[in-house]
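Student: Take this structure first; my questions come after.
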Amino acid sequence: MPTSSEIPTVLDLSAILEGLLKADIKFILVGGLAAVVQGSPVTTMDVDIVHNRSSENISKLFAFLKSIDATYRRPDNKVIGLNEEDISGMGHFLFTTRFGPLDVLAFIEQGKAYEDLLEHTVEIEFRSHIIRVLNLKTLVELKKASRDPKDKQRLIVLEETLRQMNED
């Protein structure tokens, strides 16, 4: 069996987003890519989503993950296949796919799940679809409370982007 480092991937984050949308999966884009699509000059190498955990949505998400050859991303490079029961749990699921990394999260900072975040989203058009994206103000608030050094570094850029947006 190949290790995850041997699985061919092409970094195409837009293909992941488009696939999620075409599969009619309910999700909110969070993390670095959420900041990027709102004009923040940060770099990201993955897609982070918080998904609706209804059984119908989990089934759609599971089918989509299988279609993009998702396997769990692990530090030891051991390849572990998907399990639909896993992604219906309350964890963070970090996948390697043929298009790049996809992090499927049941919740983010402060235990906020899909339903908690809906009112803090903006809708952004992407390839004739609408993506729900966690708004920049909420991203900033969550990063302020984070203990992650990477989040603290990005916070300055996110705050400046938000300040400039509010001036317009």
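The values are calculated or read from the model by the stated rules, or taken from the named source; none is laboratory data. Since this is a predicted model, take the numbers as computed values, not measurements. A quick note on method: Cβ atoms are made from the backbone with ideal geometry, for glycine too, and the neighbour counts reach across all protein chains shown.
Student: Cβ-Cβ distance below 6 Å, separation of 6 or more or different chains: which pairs start in segment 1-22 with a residue that is closer than 10 Å to Val47 by Cβ and aromatic (Phe, Trp, Tyr) and end on one that is at pLDDT below 50 and surrounded by 15 or more Cβ atoms within 10 Å (Cβ to Cβ)?
Tutor: That search, which allows pairs on different chains as well, returns nothing.
Student: Right, here's the next one. Would you pick out the residues in segment 51-107 that are of a type in the set (Val, Ile, Thr) and in contact with a His (Cβ under 7 Å, 6 or more places away or on another chain)? Give the derivation first.
Tutor: Initial filter on segment 51-107 (of a type in the set (Val, Ile, Thr)): 58, 68, 71, 79-80, 87, 96-97, 104.
Listed by number, the list holds a single entry, Val104.
Student: Could you check, for segment 105-122, whether at least one of its residues is hydroxyl-bearing (Ser, Thr, Tyr) and within 26 Å of Leu162 (Cβ to Cβ)?
Tutor: Just the residues of segment 105-122 that are hydroxyl-bearing (Ser, Thr, Tyr), to begin with: 114, 121.
Subset that is within 26 Å of Leu162 (Cβ to Cβ): 114, 121.
Yes - at least one qualifying residue is present in segment 105-122.
Student: Something else now. Does Ile58 count as part of a loop (DSSP other than H, G, I, E, B), buried (at least 18 other Cβ atoms within 10 Å of the Cβ) and out of contact with any strand residue (DSSP E or B) (no Cβ under 6 Å at 6 or more places or on another chain)?
Tutor: no
Student: Quick check: anything in segment 75-86 surrounded by 15 or more Cβ atoms within 10 Å (Cβ to Cβ), of a type outside the set (Gly, Ala, Ser), in contact (Cβ under 8 Å) with a residue 12 or more places away in the chain and touching a Phe, Trp or Tyr at 6+ places or on another chain (Cβ under 9 Å)? Spell out the reasoning first.
Tutor: Within segment 75-86, the subset surrounded by 15 or more Cβ atoms within 10 Å (Cβ to Cβ) is 79, 82.
Keeping just the survivors that are of a type outside the set (Gly, Ala, Ser) gives 79, 82.
Filter again for in contact (Cβ under 8 Å) with a residue 12 or more places away in the chain, leaving 79, 82.
Adding the requirement that they be touching a Phe, Trp or Tyr at 6+ places or on another chain (Cβ under 9 Å) leaves 79, 82.
For segment 75-86, residues surrounded by 15 or more Cβ atoms within 10 Å (Cβ to Cβ), of a type outside the set (Gly, Ala, Ser), in contact (Cβ under 8 Å) with a residue 12 or more places away in the chain and touching a Phe, Trp or Tyr at 6+ places or on another chain (Cβ under 9 Å): present.
Student: Continuing with the same structure: When the residues of segment 132-160 are filtered to those that are touching an Asp or Glu at 6+ places or on another chain (Cβ under 8 Å) and modelled with pLDDT of 90 or more, which remaining residue is surrounded by the fewest Cβ atoms within 10 Å (Cβ to Cβ)?
Tutor: Going through the qualifying residues, I end up with Val140.
Student: What residue, of Thr44, Thr3, Thr9, is at pLDDT below 95 and in contact with a Leu (Cβ under 6 Å, 6 or more places away or on another chain)?
Tutor: Details: Thr3 fails: in contact with a Leu (Cβ under 6 Å, 6 or more places away or on another chain); Thr9 fails: in contact with a Leu (Cβ under 6 Å, 6 or more places away or on another chain).
Sole residue among the options that is at pLDDT below 95 and in contact with a Leu (Cβ under 6 Å, 6 or more places away or on another chain): Thr44.
Student: Okay, next question. For segment 108-131, name all the residues that are buried (at least 16 other Cβ atoms within 10 Å of the Cβ) and modelled with pLDDT under 95.
Tutor: Within segment 108-131, Ile108, Glu109, Lys112 meet the criteria.
Student: Listed residues Thr71, Thr43; which is of a type outside the set (Phe, Trp, Tyr) and surrounded by 14 or more Cβ atoms within 10 Å (Cβ to Cβ)?
Tutor: Only one candidate passes the filter, namely Thr71.
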